[in-house]
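The structure appears below as structure tokens.
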Amino acid sequence: MTRPQQGRDATREKIPENALAYTMQLAAHVVNNVREQGQSLPAALTCVCPHHLAASTRGAVQDLSYLAMRQLAAANALIAQCVHHAPAPPLHYLLVIAFALLIDKKVRYTEFTVVDQAVEAVATQQSTRHGKGLVNAVLRQFLRKRAALTFHLTQTLSTHWNFPDWWITRLRHAYPDNWQHILEVSNQAPPMTLRINQSHHDLSHTQTQLAAAGIPTLVVGPMALQLVKPLPVQQLPGFAQGQFSVQDAGAQLAAPLLDIYDGMRVLDACAAPGGKTGHLLEMAGVHVHALELDPHRAQRIAENLARLPVHKNAQAHILVGDASQPHTWWDGQLFDRILADVPCSGSGIVRRHPDIRWLRRPEDIAALVQLQRNILLALWPLLAPGGKLLYATCSIFPEEGEQQAAWFEQTQTDAVRLRALGQLLPLSVAHEITDFCPTPLGVSPNITRDHDGFYYALFEKRLN
């Protein structure tokens, strides 16, 4: 489904944009685009939300859409219990939005408000108004039988955890003692974490500056501050001047692992949107070649770097090309460091991108593993003897992590595996999984840790 047609659903204009019914309408179309067209949540939001929409309203639509993705299996199960014949989209997804609100542990609206606004959302769209009575009856039936209906959700793993069965099976096999903690953390809304630009600023000073502006933070990494309450970046003093960037604390560990110093030639493969590229440029006077396959995403790298003051003598060169096909973009000069942040399932960042769990398919993993191997094999010859390559993914599936690193070490006779972090599982302040999340190198055990899931393996090329 594309952007809702104004002619067909002109009655939407009767609802104020700040009304819950309006945001429910748009969120239902967003979820429809994810489920029916396979769009990512950000792409669906861009497609559905009118350009004139106020930032606060767009934020509310985003909030409802992300909530629905985190409650999708449960919401669908409730619809199946309450309706003999599942309604067609977009009516089905309006019910998904309503059920997601009603079963969410965070009470955002009263039950009466949710039901009332859901009915209003249905009644004021020509394409769904025929379902007004159905929605009213279904939601009120749920309120009458809430205990029995929600108990049924606990009887199957998929509806209890709101993840596909195949995903849960993989986690149970890989982490038999921790899979439930991983799923619980993965269902939480992510924190907003800042990476302090160390080339020009100090973490303590920045924390004090934000506190003076009424913005409390927690230290969650060597140069990482987590906002106690997320805010739009435009409201953060110092952001426009490049004093810091928004980046997960786990992602901030990649650049330090490469052990860079002035004058090095560094390749950041699969670099968009440029967070790690910017970090490298802030750390030392290096020449970073940021490679990206998609020209539009490559442009985002340039836009993000334009805001950042970087280290003296640091330079960035943005390349458009396929990391597995160096002959199409490589100039023949070897690199001292390579960051191979390869495409992966994204299973480690699902709390930040809850649509991933529904967009991925079991067969995708094998295809991604092969792509990762192709990229590693293509990039390794580009590394100078004595140079280092960091293999990185935002996955928690062992096939894309430790198994891949072990394969590479066995197949490349000139590769020496160095100490790195290995598998980092999604971790929140309230859920310490110390057995599988060792304290990262250079991070004090006293620092509050809160990060997404990542895998890091570091290799050095022999000098012979």
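The table below lists the values:
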{"item": "Sequence-separation-based contact order of the chain, relative, with Cα cut under 8 Å and 6+ spacing, percent", "result": "13 percent"}
{"item": "Cα-based Rg and Dmax for the range 198-332, where Dmax is the largest Cα-Cα distance (Å)", "result": "15.7, 52"}
{"item": "About the Cα centre, charge dipole magnitude for the chain (Lys/Arg +1, Asp/Glu -1 at Cβ), debye", "result": "1180 debye"}
{"item": "Cα gyration tensor of the range 10-161 - equivalent ellipsoid semi-axes, whole Å, descending", "result": "23, 17, 14"}
{"item": "Once the Cα gyration tensor of the range 192-461 is diagonalised, semi-axes √(5λ) in Å", "result": "28, 22, 18"}
{"item": "Cut-off 15 Å between beta-carbons: net charge of the residues surrounding P216, Lys and Arg +1, Asp and Glu -1", "result": "0"}
{"item": "Neighbourhood charge, 14 Å Cβ-Cβ cut-off, centred on S199 and excluding it, Lys, Arg +1 and Asp, Glu -1", "result": "0"}
{"item": "Segments 325-336, 192-203, 390-401, 130-141 sorted - mean Cβ within 10 Å per residue, highest first", "result": "390-401, 192-203, 130-141, 325-336"}
{"item": "Ordering of 344-351, 367-374, 217-224 by burial proxy (mean other Cβ atoms within 10 Å per residue, highest first)", "result": "344-351, 217-224, 367-374"}
{"item": "In degrees, nearest ten, helix 362-379 long axis to first principal axis of the chain (Cα)", "result": "20 degrees"}
{"item": "For the chain, average projected area of the Cα convex hull in nm²", "result": "23.0 nm²"}
{"item": "Sparse-neighbour loop sites [GluC sites (Glu not before Pro); the range 260-358; at most 15 other C-beta within 10 Å; DSSP]", "result": "none"}
{"item": "Nearest 10 degrees, 0 to 90: helix 203-212 Cα axis against the chain principal axis", "result": "30 degrees"}
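Readers should treat all values here as calculations from the given coordinates under stated rules, not as data from a laboratory. These numbers were taken from a predicted model, which means no experiment stands behind them. Don't worry about glycine lacking a Cβ; one is built from the backbone with ideal geometry, like all the others, and counts go over all protein chains shown.
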